[in-house]
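See structure below.
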Amino acid sequence: MTAVPAHGHVAHGGDGARTPGGDYEPVVDGFARRALLGAAAGAVLLLLGFVIHGGREFFQAYLYAFLIFTGLSLGCMALLMLQHLVGGAWGALIRRPLEAGARLMPLMAVLFIPVVFGMGSLYEWLDAGWRQRHADMTFKLWWLTREGFILRGVIYFVLWILLSFVLVRWSDEQDRTGDPWVFRRMQLFSGPGLVVYVATVTFASVDWAMSLDPTWVSTMYGLLFVVGQALTTLALVVLLLTLVYERRPFHGVVTIGHFHDLGNLLLAFVMLWAYLNFSQFLIIWQGNVAEETPYYIARTHGGWKYVGLALVLFHWFVPFVLLLWRQTKRNPRALAGVALAVLVMRLLDMLWLLGPSFPRDAGTHGSHAAATAAGAGRDVAVSATQAAVDTYGAAHDAVVSWWHAWMYPAAAAAIGGVWLYLFVRQLKRRPILAPHDRRLVPATGGHH
């Protein structure tokens with residue numbers, strides 16, 4: 001029986017009717033092979049960087065890549081719960097990739113171990129001298145301890161692994177039995193699951209990223225990670241779908257309407273990312289408090305201001321304009337281009353978040369050094385802000401002074417290559433389209 005999609009015309013990428021291009025597996029197999037080669041090359045370069053530059057730069061690059069790909073697994077889990085909760089037809093097409101990514105949470109738990117070993121190179125709050133100088137920060141000193149950091153990390157991963165395990169196990173049960181109540185169970189579970197996800201990611205982002213500048217705080221910081229993880233994941237699965245939509249079993253099932261829905265969702269997360277970043281910037285700029293302003297001083301001076309400008313243009317403005325255009329969202333190739341650009345910008349955004357906070361030499365620890373200098377003996381916020389600019393100095397003058405910066409893409413290739421290879425293996429373990437997902441019935445059942 002010929003499938004008659006109920007969600008618009010079958011997607012053909014604007015080139016007229018096409019026949020299926022074979023199974024999807026050769027496409028993802030080639031992707032996995034390239035990922036594995038990239039992982040090997042990245043690991044070699046990262047180890048070379050360790051020999052040349054030392055442990056501090058190694059662990060900085062490692063943390064950067066770890067946060068990106070832990071965020072990708074978390075984003076898969078979050079979008080998996082979201083699509084169960086809202087029940088949109090778009091969710092049925094990306095459900096299996098999301099489950100495959102969520103199943104890699106144990107891998108990220110293992111990869112957390114090097115972060116623990118590298119804490120001394122990353123977090124100055126472990127230094128006894130720093131703790132003595134900030135003895136008045138009672139709660140932070142209680143929260144920021146080596147034991148607490150490790151314990152909370154274990155708790156985060158236990159909860160994340162539990163959430164993903166329950167969702168995937170029930171999905172397997174639905175595949176075996178076809179029981180519609182299983183889908184309802186996943187839907188009821190996903191609401192509280194998303195609450196747990198947002199709460200734990202917020203705390204984890206404080207521990208792993210915001211504490212790089214231990215005197216700086218932002219109540220929006222956790223949400224930036226939540227939205228960034230969802231955006232990274234959505235861009236990846238959209239890109240994957242555009243690569244395989246003309247192959248079995250997607251051919252005749254994926255429609256232009258599905259791409260349109262995914263494009264709208266991508267647009268929504270691009271806008272939300274921009275809104276949260278601008279809101280945080282506006283609040284700190286308007287408050288002009290000496291303890292807060294150095295965060296943006298470090299990111300709007302020297303070479304980092306060009307990174308910030310690139311993010312404004314290519315992480316927000318260009319995708320925003322293109323995704324407003326209906327034709328972009330209804331053309332798989334155009335949508336793939338936008339998704340790929342967003343993925344690249346996500347890598348740059350993580351560097352912009354972490355880079356200025358990393359230590360440069362024995363006397364400075366990221367933008368916190370500017371914060372300390374700015375606050376010393378200053379009662380007027382304006383004067384403190386200017387002092388921060390003056391003391392920011394040549395150490396932060398340009399991104400090019402980071403001549404070890406190649407270690408960051410090397411670390412991303414090493415961890416990301418392993419992640420993508422295992423992602424493909426998980427993807428192939430089960431049918432790429434869930435056989436009893438009721439949302440696929442209208443698209444394959446021959447009726448509108």
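The values are calculated or read from the model by the stated rules, or taken from the named source; none is laboratory data. From a predicted model like this one, the values you see are computed outputs, not experimental measurements. Every residue, glycine as well, gets a Cβ built from its backbone with ideal geometry; the counts of neighbours run over all protein chains shown.
A quick yes/no check of all residues on (1) aromatic (Phe, Trp, Tyr); (2) surrounded by 19 or more Cβ atoms within 10 Å (Cβ to Cβ); (3) not assigned by TED's automatic domain parsing to the domain that holds residue 342:
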site: 179; (1), (2), (3): no, no, yes
site: 185; (1), (2), (3): no, no, yes
site: 217; (1), (2), (3): no, no, yes
site: 223; (1), (2), (3): no, yes, yes
site: 226; (1), (2), (3): no, yes, yes
site: 232; (1), (2), (3): no, yes, yes
site: 266; (1), (2), (3): no, yes, no
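Conditions: (1) among the small types (Gly, Ala, Ser); (2) crowded, with 19+ Cβ neighbours inside 10 Å; (3) within 19 Å of residue 227 (Cα to Cα). Residue 290 meets all but one. Number of the miss?
(3)
Any idea which of 205, 218 is under 27 Å from residue 116 (Cα atoms), of a type in the set (Gly, Ala, Ser) and either at pLDDT below 95 or part of a loop (DSSP other than H, G, I, E, B) (or both)?
218
Which of the residues spanning the stretch 234-249 are surrounded by fewer than 20 Cβ atoms within 10 Å (Cβ to Cβ) and either of a type in the set (A, V, I, L, M, F, W, C) or in a helix (DSSP H, G or I) (or both)?
Applying the first criterion (surrounded by fewer than 20 Cβ atoms within 10 Å (Cβ to Cβ)) to the stretch 234-249 yields 239, 243, 247-249.
Residues satisfying the conditions are 239, 243.
Working only within the stretch 145-188, note down all residues that are over 16 Å from residue 439 (Cβ atoms) and not in a helix (DSSP H, G or I).
145
Kindly state which helices (runs of 4 or more DSSP H) lie completely within the stretch 280-398 and contain at least 1 residues that are at pLDDT below 85.
Counting at least 1 such residues, we get 367-375, 381-392.
Here are some conditions: (1) farther than 25 Å from residue 276 by Cβ; (2) surrounded by fewer than 19 Cβ atoms within 10 Å (Cβ to Cβ); (3) not acidic (Asp, Glu). Residue 152 meets all but one. Which one does it not meet?
(1)
For residue 44, are the conditions met, namely being assigned to a helix (DSSP H, G or I), among the β-branched types (Val, Ile, Thr) and within 23 Å of the chain's Cα centre (by Cα)?
No; evaluated as a whole, the condition is false for this residue.
In the stretch 133-164, what residues are of a type in the set (S, T, N, Q) and more than 24 Å from the chain's Cα centre (by Cα)? Spell out the reasoning first.
Let us first name the residues in the stretch 133-164 that are of a type in the set (S, T, N, Q), namely 138, 145, 164.
Selection gives 138, 145.
Restricting to the stretch 250-261, give me the number of residues that are surrounded by 24 or more Cβ atoms within 10 Å (Cβ to Cβ) and within 15 Å of residue 83 (Cβ to Cβ).
Here the count works out to 1.
Residue 247 passes all but one of (1) over 20 Å from residue 337 (Cα atoms); (2) of a type outside the set (Val, Ile, Thr); (3) modelled with pLDDT under 95; (4) in contact with a helix residue (DSSP H, G or I) (Cβ under 8 Å, 6 or more places away or on another chain); which number fails?
So the condition that residue 247 fails would be (1).
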